[in-house]
């Protein structure tokens, strides 16, 4: 069973008398341990798809299944609980609480869930080590660089061992060196944590880290590139993007 699956997923918005179709019958799935990148021109439906997959918005038609659970069957309370326990989020802007230390920010989903922290301490230590912040664990966000703050956000996304992590332009606010560090971390998370990651990006270099790159245009999946053992090349990705933007 895929970790994440959509069937005929459709989202429409009403703008005055005009109906805008942001997603148009998308069928899509992500397997456990897979790293998938979503790309497409501006207005292609990337962000809309991410919001629907994370249960942050509701489709006009069709369905999203997370670990076999249909999101439309859940009450608002149950959907909130599912997002907290089974979905990790990484955003372009780190969304850290400024009054909390790095380790406290990482532990935030556990605390919000009302769980005691001591049983989770070994995992917190492992995650802090994974993202290379052992010596910065007690520092607050204002004492961390942008790249370090994003590493805190990555560790937080994985702290509850979610079914899937959804990343929205995770390197978009970083310089190229820090961005590479973040992408290397996401790749390691797939390998070492058997994590499942879906990332929206406009950057072909970021997308080349994925096992599969899915291209959207006008709310539909137009093409996919898959890792054939040698990776998905930046050149291949740029060729497809140039064709989509013509």
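Since every read-out is calculated from the coordinates, none of them should be taken as a lab result. Keep in mind that what you see is a predicted model, and the values were worked out from it rather than measured. Neighbour counts run over all protein chains shown; Cβ positions are idealised from the backbone, glycine included.
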Hey, can you rank 156-169, 185-198 by average C-beta count inside 10 Å, highest first?
156-169, 185-198
For helix 76-86, report the angle its Cα long axis makes with the longest principal axis of the Cα atoms of the chain; keep it between 0 and 90° and round to the nearest 10°.
60 degrees
For helix 234-245, report the angle its Cα long axis makes with the longest principal axis of the Cα atoms of the chain; keep it between 0 and 90° and round to the nearest 10°.
50 degrees
Taking square-rooted eigenvalues a ≥ b ≥ c of the alpha carbon gyration tensor, is the stretch 30-73 rounded, prolate or oblate, where a/c under 1.5 means rounded and, failing that, a/b exceeding b/c means prolate?
oblate
With an 8 Å Cα cut-off and a minimum separation of 6 or more residues, compute the relative contact order for the stretch 73-153 in percent.
41 percent
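Give the value in nm², to one decimal: projected area of the alpha carbon convex hull of the chain, averaged over all directions.
14.4 nm²
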Is it possible to state the helix-based mean residue ellipticity at 222 nm for the chain, with each DSSP H run of 4+ residues giving -39500 (n - 2.57), the sum divided by total residues, to the nearest 500 deg cm²/dmol? What is it?
-10500 deg cm²/dmol
What distance in nm separates the two pseudo spin-label positions at residue 60 and residue 243, each 7 Å out from Cα along the beta-carbon direction?
2.8 nm
Indicate the gyration tensor shape class of the stretch 159-234 (rounded, prolate or oblate), computed on the Cα atoms with a ≥ b ≥ c the square roots of the eigenvalues: a/c under 1.5 is rounded; otherwise a/b larger than b/c is prolate and the rest oblate.
rounded
If packing is taken as the average count of other Cβ atoms within 10 Å, what order do 214-221, 25-32, 139-146 fall into, highest mean first?
214-221, 25-32, 139-146
Distance between the C-alpha centers of the stretch 207-246 and the stretch 180-204? Whole Å please.
16 Å
To the nearest 10 degrees, how steeply does helix 121-130 sit against the main Cα axis of the chain, on a 0 to 90 scale?
70 degrees
Residue list for the stretch 90-119, given a label point 7 angstrom along the Cα-to-Cβ vector of residue 80 and an amide N cut-off under 16 Å:
109-115
Express as a percent, rounded to the nearest 5, the fraction of DSSP beta bridges in the chain (both residues included) that run antiparallel.
60 percent
For the stretch 103-152, list log₁₀ I(q)/I(0) at each q in 0.14, 0.29, 0.31 Å⁻¹, using the Debye formula over Cα point scatterers of equal strength and ignoring solvent, two decimals each.
-0.34, -1.15, -1.23
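Please list 8-21, 123-136, 33-46 highest first by mean number of surrounding beta-carbon atoms within 10 Å per residue. Before the final figure, lay out each step's value.
Values: 8-21: 12.1, 123-136: 16.7, 33-46: 20.9.
Final packing ranking: 33-46, 123-136, 8-21.
Taking a ≥ b ≥ c as the square roots of the eigenvalues of the Cα gyration tensor of the stretch 1-99, is the shape rounded (a/c under 1.5), prolate (a/b larger than b/c) or oblate?
Rounded, since a/c falls under 1.5.
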Of all DSSP beta bridges in the stretch 114-246, what percent run antiparallel (nearest 5)?
60 percent
For the stretch 96-180, radius of gyration divided by Kirkwood radius, i.e. Rg to Rh on alpha-carbons:
0.95
